[in-house]
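Worksheet for the structure shown next.
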Amino acid sequence: MKDYFLLPDLEYDSYRDTLKEYVLNYNDWTYYGFGRFTIYIAKPTRELIVPIAIRFKNPKTLFHKIEFNKVKAWGIVTPHTDHDRFATINLPIEGDFENSSVDFYKPKSEGTISETRSDTTAKTYYDADLTEVVKYQQPICFNTQVVHGVTNYSAVDRYILTLSFKEEFTYEKLHTMYAEGELLV
């Protein structure tokens, strides 16, 4: 089984301009990393996420958190595993998605836990080997416990909406739910 799958039938194009307007005008991004190796995070309003959440069966039971992510032009998110989620669905909002990717890696070490956050189980893998580059222009679900990162090979910022699932919804479970028609309305 691959570590990701696309969701071409998760329709949100009619709502994409609303999401785009929000992220382009948002000014209070938090961030992790430094310089070119920074990921920015913003919290959407409830009104922004409801039209997306209702595209899922039983959305109140599925999601742990929903956030916007931004990777600046020419930015890189270092290979890592995530802290408090096992799977995510990323919805492209704005950017040059033909020239940006989510990247998967094979670790060479056990990784390093962040020194700046004591509450995290996320690890960074500075010596991982790149195994797959996935460019996507439609929603993608992937396993966040597999070493992954982001590369923005373009001169424009890249924005996504990331839907993080509760721990019991592992990547494997979500893949099965999607394949059996039990994830989306």
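Shown is the FRET efficiency for E21 and N99, computed with R0 = 22 Å from the Cβ-Cβ distance and rounded to the nearest 0.05: 0.45.
Over the stretch 47-185, the fraction of Cα-Cα pairs per 10 Å bin, rounded to whole percents and listed from the shortest bin up, is 12, 39, 37, 12, 0.
Round to a whole number: what % of the accessible area of the chain belongs to carbon and sulfur, probe 1.4 Å? That fraction is 50 percent.
Between the stretch 21-46 and the stretch 52-66, the alpha-carbon centres lie 22 Å apart. Descending by average beta-carbon neighbour count within 10 Å, the peptides 122-135, 152-165 line up as 152-165, 122-135, the highest first. Neighbours of I66, meaning other residues whose beta-carbon lies under 10 angstrom from its beta-carbon, give a summed charge of +2 when Lys and Arg score +1 and Asp and Glu score -1.
Among the trypsin sites (Lys or Arg not before Pro) within the stretch 1-110, those in coil by DSSP and having at most 14 neighbouring Cβ atoms inside 10 Å are K2, R36, K57, K108.
Which loop-located GluC sites (Glu not before Pro) does the stretch 11-57 contain, where loop means any DSSP state but H, G, I, E or B and the Cβ has at most 16 other Cβ atoms within 10 Å? All intermediate terms of the calculation are to be shown ahead of the outcome.
On the way: sites: E11, E21, E47; in loops: E11.
When the GluC sites (Glu not before Pro) of the stretch 11-57 are filtered for loop state and at most 16 Cβ neighbours within 10 Å, E11 remain.
Once the 1.4 Å probe is applied to the protein heavy atoms, the chain comes out at 53 Å² accessible per residue. Computed with the Debye formula from one identical point scatterer per Cα of the stretch 1-113, without solvent, the log10 of I(q)/I(0) at q = 0.09, 0.16, 0.23 Å⁻¹ comes to -0.28, -0.94, -1.77. For the stretch 20-68, the spherically averaged projection of the C-alpha convex hull amounts to 4.4 nm².
The values are calculated or read from the model by the stated rules, or taken from the named source; none is laboratory data. Computed from a predicted structure; not experimentally measured. Glycine also receives a Cβ, built like all others from the backbone with ideal geometry; neighbour counts cover every protein chain displayed. Heavy atoms of the whole protein, side chains included, go into the accessibility calculation; ligands, DNA and RNA do not. Shrake-Rupley method; radii C 1.70, N 1.55, O 1.52, S 1.80 Å.
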